[in-house]
1. Return the pairs, sorted by first residue and then second, in which the second residue is within 16 Å of the ligand (Cβ to nearest atom) and of a type in the set (Lys, Arg), the first residue lies in the range 330-342 and is assigned by TED's automatic domain parsing to the domain that holds residue 214 and in a strand (DSSP E or B), the beta carbons are less than 6 Å apart, and the residues are 6+ apart or on different chains.
2. Could you check the range 80-91 and list, in sequence order, the residues that are assigned to a helix (DSSP H, G or I), near the ligand (Cβ under 10 Å from one of its atoms) and farther than 14 Å from residue 143 by Cβ?
3. Given the structure, is residue 185 without any contact (Cβ under 8 Å) to a residue 60 or more places away in the chain and not acidic (Asp, Glu)?
4. Output the residues belonging to the range 168-208 that are away from the ligand (no atom under 11 Å from the Cβ), part of a loop (DSSP other than H, G, I, E, B) and either closer than 30 Å to residue 352 by Cα or not charged (D, E, K, R) (or both).
5. Look through 131, 103, 138, 151 and report the one residue that is touching a strand residue (DSSP E or B) at 6+ places or on another chain (Cβ under 9 Å) and in contact (Cβ under 8 Å) with a residue 60 or more places away in the chain.
6. Surrounded by fewer than 24 Cβ atoms within 10 Å (Cβ to Cβ) and more than 30 Å from residue 345 (Cβ to Cβ), is that true of residue 283?
Amino acid sequence: MAQALGSAPRQVYPKGSELSETGKTDFDGVIEMLTTLEIMRFNRKMAPRALASEIRPLGLLVKNKRGSVHYRPHGVVGAISPWNYPLTQPSILVVPALLAGNGIVLKPSEHTPLTALKMKEIYDDAGVPEGIFQIVIGGGETGRSLVESSGTDLIAFTGSVGVGRKIAISCAERLKPVILELGGKDPLIVLKDANLKRAAGAAVWSGFHNAGQTCISVERVYVEEAVAEDFTKLVTEMTDDVTTGDDRSISDFGSMTTETQFGKVSAMLDDARGKGATVLSGSESPRDGLFVRPTIVTDAEGGTELMKEEIFGPAIAISRVRDEDEAVAQANSMKFGLNASIFTRNKRKARRLASRVQAGNIVINDVETNYLCVDLPFGGTKNSGIGRLHGIEGLRSFSQIQSVVEDRFGLKKELWWFPVAGGTKKLFRALIRILYG
Ligand code: NAD
């Protein structure tokens, strides 16, 4: 179970490195680097196409005009990011914002400022014009100032639902556009015809990597009754082999990043246990440091904190369901709607269920891979967010859309300008009958 607090042995990593700020393992750091580079590559390649002006046809009536759509910068983007991926999370805001022609002021998490400062140094060295990309360091108050400032024209926020809501209210008061990428409590549905070994491996990896501190990690599993016992046995066996610890070159996942998060995870697991859930923990973890053992929870009631809120720690809750209808109903029963996974060998059934699950991103027979599929828009429904990152849509989120109408060939005067001729009035009436009658 969750261990006592102590000082995490992080001194083996250079001070100020991402690993020292977060407690990640080497490999979680590698995955983050790979993801960030793929996002940068995609945006660089796609920006000229996604943001190019387009000529549009103008419908049935206005044949003498030419219409075009243009993607203009907002101006200055105020970007606010969390601590769980201190390189990727700022990058998904900074890269498209800059490519769309904006200036940007980034406020990274107060828990991981050094990675963001290093990132800025690299951008400066690469020749980003002075002043275009700036960083402010601080906590919630600094973030609030950025949101309220008349100097920011768009707010791009990644973080918790609670803070996202405050930012949405503040932006609404100012009619300032806002992109919100918020928390999730992502379900994984296992139907009785699923490849159980693959589904179990997916749940275990997604639930535990990066110590469960991933917005799209699996936190809830709904498994059909008929295979629930076999599935849970597989997950338990696999969890026994997962390691956490201070040797970050060999452990499967590292420590929690903050004491607050460690305390929150421990309290939620205690609450579940106190309310009758079975809480099984995997391999031992070091006595010191912010380590939480990989944990499986079964029989957690709806009244537990674990079944109401994002835990953001290495714990997965497994629940049995009668059939696919109950699985969908349970998956949709929460306020969140970020990622969801569906495991079944029947592809048609999977696609059909995908249309019923309320989530911004669905992965069939897999978990989380959508985040690396950078052509696809990414974002949440319900309380998990507003707006999209990644894909063409993500680049356009950082643009204002402007349409322009101009003459192809000029008329002396438009037909509906004063004075309107009697013939024109008749013609317009006839057009309504002919074109839309
Ligand atoms: P958080 O909401 O506590 O903080 C996020 C950022 O907001 C930090 O930089 C913080 O300083 C700032 N902030 C706090 N109060 C503010 C205020 N009143 N006004 C403006 N800024 C304020 O979140 P966190 O603990 O850093 O990160 C974890 C959360 O982020 C989880 O809920 C996770 O699911 C979510 N997340 C979502 C995504 C996504 O893409 N949807 C990605 C990563 C993390």
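1. Final answer for the pair search is none.
2. 88
3. On the way: without any contact (Cβ under 8 Å) to a residue 60 or more places away in the chain: no; not acidic (Asp, Glu): yes.
Taking the combined requirement at face value, the residue does not satisfy it.
4. Result: 175, 177, 191, 192, 193, 194, 195.
5. 151 is the lone residue from the list that is touching a strand residue (DSSP E or B) at 6+ places or on another chain (Cβ under 9 Å) and in contact (Cβ under 8 Å) with a residue 60 or more places away in the chain.
6. yes
Conditions (1) surrounded by 10 or more Cβ atoms within 10 Å (Cβ to Cβ); (2) under 30 Å from residue 97 (Cβ atoms); (3) in contact with a strand residue (DSSP E or B) (Cβ under 8 Å, 6 or more places away or on another chain), marked per residue:
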| residue | (1), (2), (3) |
| --- | --- |
| 401 | no, yes, yes |
| 412 | no, no, no |
| 420 | yes, no, no |
| 430 | yes, no, no |
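Conditions tested, residue by residue: (1) among the acidic types (Asp, Glu); (2) in contact with a Phe, Trp or Tyr (Cβ under 9 Å, 6 or more places away or on another chain); (3) more than 25 Å from residue 84 (Cβ to Cβ); (4) surrounded by fewer than 22 Cβ atoms within 10 Å (Cβ to Cβ).
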| position | (1), (2), (3), (4) |
| --- | --- |
| 291 | no, yes, no, no |
| 297 | no, no, no, no |
| 307 | no, no, no, no |
| 315 | no, yes, no, no |
| 318 | no, yes, no, no |
| 323 | yes, no, yes, yes |
| 345 | no, no, yes, yes |
| 352 | no, no, yes, yes |
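The values are calculated or read from the model by the stated rules, or taken from the named source; none is laboratory data. This structure is a prediction, so every number in the text was calculated from the model and none was measured. Using ideal geometry, Cβ is built from the backbone for each residue, glycine included, and neighbour counts are taken over all protein chains shown.
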